[in-house]
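The values are calculated or read from the model by the stated rules, or taken from the named source; none is laboratory data. What you see is a predicted model; the values in this text were computed from it and never measured. For neighbour counting, all protein chains shown are included, and Cβ atoms are generated from backbone atoms with ideal geometry for every residue, glycine included.
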């Protein structure tokens with residue numbers, strides 16, 4: 001049977017800064033001591049060069065986290081499960097289609113209100129899904145007496161995200177047809193292609209928003225060589241439950 005060629009349509013992909021925090025806590029609900037961290041790394045990456053490359057790259061957990069290294073592990077988890085494989089895939093797509101990338105890097109002013117009942121470990125982190133209430137203004141689903149009040153910067157960030165998503169849905173380009181709003185005095189916000197002029201461009205959604213070049217590239221270059229095997233991660237997570 002003859003296969004149809006893949007549709008070459010624009011793509012927009014993004015992550016948040018601390019994407020893996022609650023997943024690390026779900027995999028290890030109890031404190032993870034340093035010795036178990038070393039075993040965890042060996043379990044995920046094997047007892048050979050890959051584990052050594054990861055340890056050389058990230059170093060060892062600081063002494064201050066010796067009794068619980070989950071914060072330290074979440075940095076590797078975000079890179080290995082989210083940021084770097086996304087960038088790896090986007091590089092491939094960017095050879096034949098427009099690709100745009102964003103990073104949500106804002107700790108919401110109402111973060112503890114949003115996170116604490118379900119994910120208290122995320123009180124001070126920009127966790128998975130943190131961008132959703134800003135994008136969809138979901139604070140309005142909360143009873144008025146309890147509703148969090150967005151800061152002026154968050155109101156602008158929300159308007160920016162709505163414009164970016166709406167533009168992309170309409171035209172395949174987050175920059176048009178609507179102009180992306182910015183605060184008075186701030187420069188215009190234009191999202192370049194992910195790979196343009198030999199660099200990886202990401203839109204940094206924050207207060208204020210801006211651009212970041214080659215985000216986590218040093219780490220991703222090593223992890224690209226190690227390879228992304230989700231079976232490793234699943235097995236290691238299951239062993240901690």
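List of remarks:
- Residue 57, sole failed condition from (1) part of a loop (DSSP other than H, G, I, E, B); (2) over 30 Å from residue 96 (Cβ atoms): (1)
- Residue pairs whose Cβ atoms lie under 6 Å apart, separated by 6 or more positions or on different chains, with the first residue in segment 106-123 and over 16 Å from residue 137 (Cβ atoms) and the second exposed (fewer than 14 other Cβ atoms within 10 Å of the Cβ) and modelled with pLDDT under 85, are 123/116.
- Members of segment 157-192 found to be in a helix (DSSP H, G or I) and surrounded by fewer than 18 Cβ atoms within 10 Å (Cβ to Cβ), listed by number: 159, 162, 165, 166, 169, 170, 171
- Residues of segment 46-94 satisfying the condition of being in contact with a helix residue (DSSP H, G or I) (Cβ under 7 Å, 6 or more places away or on another chain) and modelled with pLDDT under 90: 66
- The single condition among (1) at pLDDT 95 or above; (2) touching a helix residue (DSSP H, G or I) at 6+ places or on another chain (Cβ under 9 Å) that residue 42 does not satisfy is (1).
For (1) surrounded by 15 or more Cβ atoms within 10 Å (Cβ to Cβ); (2) out of contact with any helix residue (DSSP H, G or I) (no Cβ under 9 Å at 6 or more places or on another chain); (3) at pLDDT below 95; (4) under 17 Å from residue 21 (Cβ atoms), each residue gets a yes or a no:
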site: 117; (1), (2), (3), (4): no, yes, yes, yes
site: 120; (1), (2), (3), (4): no, no, yes, yes
site: 139; (1), (2), (3), (4): yes, no, yes, no
site: 143; (1), (2), (3), (4): no, yes, yes, no
site: 146; (1), (2), (3), (4): no, no, yes, no
site: 155; (1), (2), (3), (4): yes, yes, no, no
site: 194; (1), (2), (3), (4): yes, no, no, no
site: 203; (1), (2), (3), (4): yes, no, no, no
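- Each residue in segment 31-46 was checked for being over 24 Å from residue 227 (Cα atoms) and under 24 Å from the mean Cα position of the chain (by Cα), and 2 pass.
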